[in-house]
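S.K.: One structure, pasted below without further comment.
Readers should treat all values here as calculations from the given coordinates under stated rules, not as data from a laboratory. Only a predicted model underlies this, so the values are computations on that prediction, with no experimental measurement involved. All Cβ positions, even for glycine, are placed from backbone atoms using ideal geometry, and neighbour counts span all protein chains on display.
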Amino acid sequence: MTHDRAHALLPAYADGQLGPIRRFLVGRHITHCPSCLAALEAMQSMRTALRTNLIVHRAPPGLAARIGSAMPRETPPVPIRRPLQWKLGGSALAGALAGVALTLMVTRQPIPADPLVADAVAGHVRSLMADHLTDVATSDRHTVKPWLSARLDLSPVVKDLTTDGFPLAGGRLDYVAGHRAAALVYLRDKHVINLFAFVSNDPADAPPRQESRDGFNVVRWRTGGLTYVAVSDVEAAQLLAFVRLIQNG
Ligand SMILES: [Zn+2]
């Protein structure tokens, strides 16, 4: 047995958890490896010290029962099937149950707000409030696209959707979730749609996902290495129709 292998097995050896063959091989290695022998001795004296010096407080009688009766009983106890118990053994079963408890705790947590969506909505609101909707105000996509490309390392899809009822108003530079972003501004009647585009952290494509935040509808998707986020107060169905046009039209 190599030194590295034996060294890795030392804790299990000290605990008596190795099978007969590995126990023999590790034991034989230790007899001619001062380094492993020293490590084993250090491990054993640490254990002895812990055992003798730890102060153990005994719980007063009835404490466990009192804690048990004070616990809320909203969820039924996890059923323990005997065959499982038989197969897993004590500590593995405890680990499995702890895993179940952890899963329950995690799934009960409220889903945290996505910073990307929050940032896109903030950018949308800012563009309306600060009267800074566009840096380049034109409905001509042949002007908007090169203007943005010259200032960013990306070339987002820019479409003329006037005949579909989503005229292009212009574009500007923005900043979303730590990314320099292109913001394309489209109109729907009197409503504004901000379409943000920036280089994705995740290069994989992702289909459109619609959600709502602070009264705005948000649709985001990834394609061609860019993340797109459309934000508006138009109805979700209209925003999704707009996104389909941007994607396919
Ligand atoms: Zn060794």
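S.K.: Applying 1/(1 + (r/R0)^6) with R0 = 25 Å to the Cβ-Cβ distance of ASN201 and ALA241, what FRET efficiency is obtained, to the nearest 0.05?
M.R.: The value I calculate is 0.35.
S.K.: Quick one: length gained pulling ASN248 to HIS32 fully straight, 0.36 nm per residue minus the C-alpha distance?
M.R.: 70.5 nm
S.K.: So, one more: Per the Kirkwood treatment, what hydrodynamic radius in Å, one decimal, follows for segment 187-245 from the mean inverse distance over all distinct Cα pairs?
M.R.: After inverting the pairwise mean of 1/r, the radius is 11.6 Å.
S.K.: Return ASP119, ASP131, ASP114 ranked ascending by Cβ neighbour count within 10 Å, so the fewest neighbours appear first. If you can, show how the numbers build up before the last one.
M.R.: Values: ASP119 19, ASP131 6, ASP114 14.
Going from sparsest to densest Cβ surroundings: ASP131, ASP114, ASP119.
S.K.: I've got another one for you. How much length would be gained if the chain were fully extended between ALA59 and ALA12, taking 0.36 nm per residue of separation minus their Cα-Cα distance, in nm to one decimal?
M.R.: That pair, ALA59 and ALA12, stretches by 13.8 nm at full extension.
S.K.: While we're on this one: Please list, in chain and number order, the residues 5+ apart from ARG188 or on another chain whose amide H is under 5 Å from its amide H, with Hs placed from the backbone.
M.R.: Here the answer is ILE193, since their amide H atoms fall under 5 Å of that of ARG188.
S.K.: For ARG51 and VAL125 in one chain, what is 0.36 nm times their gap in residues minus the Cα-Cα distance, to one decimal in nm?
M.R.: 20.4 nm is the gain from fully extending ARG51 to VAL125.
S.K.: If you split all Cα-Cα distances of segment 129-249 into 10 Å bins from zero, what percentages do you get per bin, shortest first?
M.R.: Spelled out per bin, shortest first, that is 14, 50, 34, 2.
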